[in-house]
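Novice: Before we start, here is the structure in question, set down as structure tokens.
The values are calculated or read from the model by the stated rules, or taken from the named source; none is laboratory data. If you're wondering where the values come from, they're calculated on a predicted model, not measured in any experiment. In this analysis, Cβ positions are derived from the backbone assuming ideal geometry, glycine residues included, and neighbour counts consider all displayed protein chains. All accessible areas refer to the heavy atoms of the entire protein, side chains included, with ligands and DNA or RNA removed. Shrake-Rupley method; radii C 1.70, N 1.55, O 1.52, S 1.80 Å.
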Amino acid sequence: MNSEQLFEKSLQLVPGGVHSPVRSFKGLHTTPRFFKKANGAYITDTEDKTYIDFCMSFGPLILGHRNPLVEEAIEKAIKDGWTYGACEPYSVELAEYIISRIDHIDQIRFVNSGTEAVMTAVRLARGITGRSKIIKFNGCYHGHLDSMLIKAGSGLAGTAEASSKGVTKYTADQTLICPLNDIEAVEKCFIEHKDEIAAIIIEPLPANSGILPQKIEYLKAIRALCDKYCAILIFDEVISGFRISFGGMAQETGINPDIVTYGKIIGGGMPVGAIAGPKKFMEFLAPAGPVYQAGTLSANPLAMRAGLATMQQLTPQAYTWLDNQSKKFIEVFKSWCRGNGYEKYHATQTHSLFWIHPNESEEVIRRAEDVPSDLMTMFYGLFEKLLPKGIYLSPNAYEISFISLAHDDKVLSDFEEKLNS
Ligand SMILES: *Cc1c(COP(=O)(O)O)cnc(C)c1O
């Protein structure tokens with residue numbers, strides 16, 4: 001069946017035809033592609049058309065599709081059974097490996113998704129502090145748990161409201177929303193809600209409403225406010241962890257969060273998330289401490305072995321290569337834009353992440369409020385032009401795209417060829 005037929009069928013069987021909203025190509029005026037296989041930097045749809053994949057499952061596949069060592073680890077794991085619901089050595093190995101390479105964490109707990117990691121981190125912060133309110137930032141995404149599906153209210157300044165039906169007003173009242181890049185707004189929250197704020201949660205490299213790089217002084221000031229008001233600092237490194245460097249933004253900036261959440265890359269493409277931090281905080285989690293958390297399939301051997309095989313390939317050299325290679329891809333893209341009437345497109349690239357957006361001033365966009373209002377229209381024009389050429393970007397204007405270790409020079413020349421086809 002082709003993608004149109006599959007989508008029509010899926011629409012009958014599944015709400016909106018998809019299992020995660022962004023896959024529906026909403027606003028793209030075209031049917032989502034249905035892919036049947038992938039290898040390296042390429043992905044193939046059910047009509048046998050192959051694309052260079054810049055979505056890479058929205059981030060987990062930093063090594064590319066079907067990395068041989070990860071594949072081997074999975075094949076071996078399958079022979080040993082894929083879940084025991086009991087203690088096993090593989091998660092010990094993965095935990096030891098990760099902790100040995102990241103200074104600011106002593107302990108880690110594996111879960112099954114980024115959302116689950118954030119859900120646990122929020123509960124843990126409340127459990128440690130005995131307080132209830134959480135500060136989050138407009139433009140940061142932390143998964144689909146109730147307490148994070150909150151946006152700035154349209155009423156009085158400082159009020160918050162649910163961004164999804166089904167999230168209660170009570171929950172919204174427990175979340176305070178601040179704009180990014182504005183430390184006064186954060187301090188104001190602390191002053192107004194003294195002794196009520198359990199934690200600040202932030203993507204230290206916000207990468208879910210495009211890429212909104214934050215200044216290091218700003219992140220340091222947030223750390224200092226958490227210290228001053230005895231609140232927990234949660235770095236949500238579900239995208240940035242193992243992506244910009246092994247230890248993510250915490251390692252890059254030298255700023256230590258109290259709790260960090262991981263996801264995406266950590267499972268090598270299997271569903272894994274994690275909460276990590278110093279022992280004094282992590283041991284609040286059950287059964288060591290009073291904050292409950294559990295999972296039937298958590299740390300299942302298949303995912304743990306895929307995760308370890310992925311982590312072991314993320315050497316400092318791999319990151320250097322990836323950063324350089326990403327620059328090359330962006331250069332090729334920019335020069336094609338210049339030659340083809342897309343001068344207004346700008347690509348913000350940070351390490352192996354990039355975001356295409358219109359930006360006439362070429363100034364760094366740091367706040368969700370400053371994302372250009374014509375973003376969608378312009379992005380969709382480009383996406384629809386590139387798709388038939390065999391180039392698959394993340395299918396949404398606000399989603400960023402990714403370069404992997406499989407995007408080598410051969411793929412680079414193919415990219416240039418496809419752009420000019
Ligand atoms: C993707 C993402 C999440 C949610 O992870 P899921 O595995 O999709 O639940 C949370 N936080 C950040 C920063 C993310 O990028």
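Novice: Can you name the condition, by its number, that Y90 falls short on among (1) within 16 Å of the ligand (Cβ to nearest atom); (2) buried (at least 18 other Cβ atoms within 10 Å of the Cβ); (3) part of a helix (DSSP H, G or I)?
Specialist: For Y90, the failing item is (1).
Novice: Ok, one more. Would you be able to tell me the number of residues in the range 364-382 that are open to solvent by 20 Å² or more (accessible area, probe 1.4 Å), in contact (Cβ under 8 Å) with a residue 24 or more places away in the chain and not in a loop (DSSP other than H, G, I, E, B)?
Specialist: Total meeting the criteria: 5.
Novice: Output the number of residues of the range 93-125 satisfying the condition of being assigned to a loop (DSSP other than H, G, I, E, B) and surrounded by 17 or more Cβ atoms within 10 Å (Cβ to Cβ).
Specialist: Initially, the range 93-125 is screened for residues assigned to a loop (DSSP other than H, G, I, E, B), giving 102-106, 112-113.
Right, trim to surrounded by 17 or more Cβ atoms within 10 Å (Cβ to Cβ) and you get 102, 104-105, 112-113.
Residues flagged as assigned to a loop (DSSP other than H, G, I, E, B) and surrounded by 17 or more Cβ atoms within 10 Å (Cβ to Cβ) within the range 93-125 amount to 5.
Novice: Another question, then. Residue by residue through the range 23-42, note down the ones that are under 22 Å from H351 (Cβ atoms) and either modelled with pLDDT under 95 or among the aliphatic types (A, V, I, L, M) (or both).
Specialist: A41
Novice: I'm checking my understanding of the structure. Among residues of the range 15-29 that are without any contact (Cβ under 8 Å) to a residue 12 or more places away in the chain and loosely packed, with under 12 Cβ neighbours inside 10 Å, which one is nearest to M378 (Cα to Cα)?
Specialist: The qualifying residue nearest to M378 (Cα to Cα) is P21.
Novice: Moving to a separate point now. Give the range 180-232 a look and list any residue that's of a type in the set (V, I, T) and closer than 19 Å to K151 by Cβ, or say none. Write out each step before concluding.
Specialist: At the first step, the residues of the range 180-232 found to be of a type in the set (V, I, T) are 183, 186, 191, 197, 200-202, 211, 216, 222, 232.
Within the range 180-232, V186, I197, I200, I201, I202 meet the criteria.
Novice: With the structure loaded, tell me whether Y84 is away from the ligand (no atom under 16 Å from the Cβ) and either open to solvent by less than 60 Å² (accessible area, probe 1.4 Å) or in a helix (DSSP H, G or I) (or both) or whether it fails that test.
Specialist: No; evaluated as a whole, the condition is false for this residue.
Novice: On the given criteria, is I128 over 21 Å from G247 (Cβ atoms), part of a strand (DSSP E or B) and touching a residue at least 12 places away in the same chain (Cβ under 8 Å)? Working first, answer last.
Specialist: Numbers: over 21 Å from G247 (Cβ atoms): yes; part of a strand (DSSP E or B): no; touching a residue at least 12 places away in the same chain (Cβ under 8 Å): yes.
Judged against the criteria, I128 is not a match.
Novice: Ok, one more. Of everything in the range 342-391, what is touching a His at 6+ places or on another chain (Cβ under 8 Å) and of a type in the set (D, E)? Give them in sequence order.
Specialist: Scanning the range 342-391 gives E362, E384.
Novice: Looking at the range 39-68 only, could you name the residues that are open to solvent by 30 Å² or more (accessible area, probe 1.4 Å), assigned to a loop (DSSP other than H, G, I, E, B) and touching a strand residue (DSSP E or B) at 6+ places or on another chain (Cβ under 6 Å)?
Specialist: Within the range 39-68, T46, R66 meet the criteria.
Novice: Also, quick follow-up: So, N324, is that one open to solvent by 20 Å² or more (accessible area, probe 1.4 Å), in contact (Cβ under 8 Å) with a residue 60 or more places away in the chain, out of contact with any Ser or Thr (no Cβ under 6 Å at 6 or more places or on another chain) and polar (S, T, N, Q) or not?
Specialist: Values: open to solvent by 20 Å² or more (accessible area, probe 1.4 Å): yes; in contact (Cβ under 8 Å) with a residue 60 or more places away in the chain: no; out of contact with any Ser or Thr (no Cβ under 6 Å at 6 or more places or on another chain): yes; polar (S, T, N, Q): yes.
No.
Novice: G143 is checked against (1) open to solvent by 40 Å² or more (accessible area, probe 1.4 Å); (2) within 16 Å of the ligand (Cβ to nearest atom); (3) assigned to a loop (DSSP other than H, G, I, E, B) and fails just one. What number does that condition carry?
Specialist: Every condition holds for G143 apart from (1).
Novice: For the range 98-115, check the following and say yes or no: at least one residue is in contact with a helix residue (DSSP H, G or I) (Cβ under 7 Å, 6 or more places away or on another chain), among the small types (G, A, S), modelled with pLDDT of 95 or more and more than 16 Å from the ligand (Cβ to nearest atom).
Specialist: So far as the range 98-115 goes, no, none of its residues is in contact with a helix residue (DSSP H, G or I) (Cβ under 7 Å, 6 or more places away or on another chain), among the small types (G, A, S), modelled with pLDDT of 95 or more and more than 16 Å from the ligand (Cβ to nearest atom).
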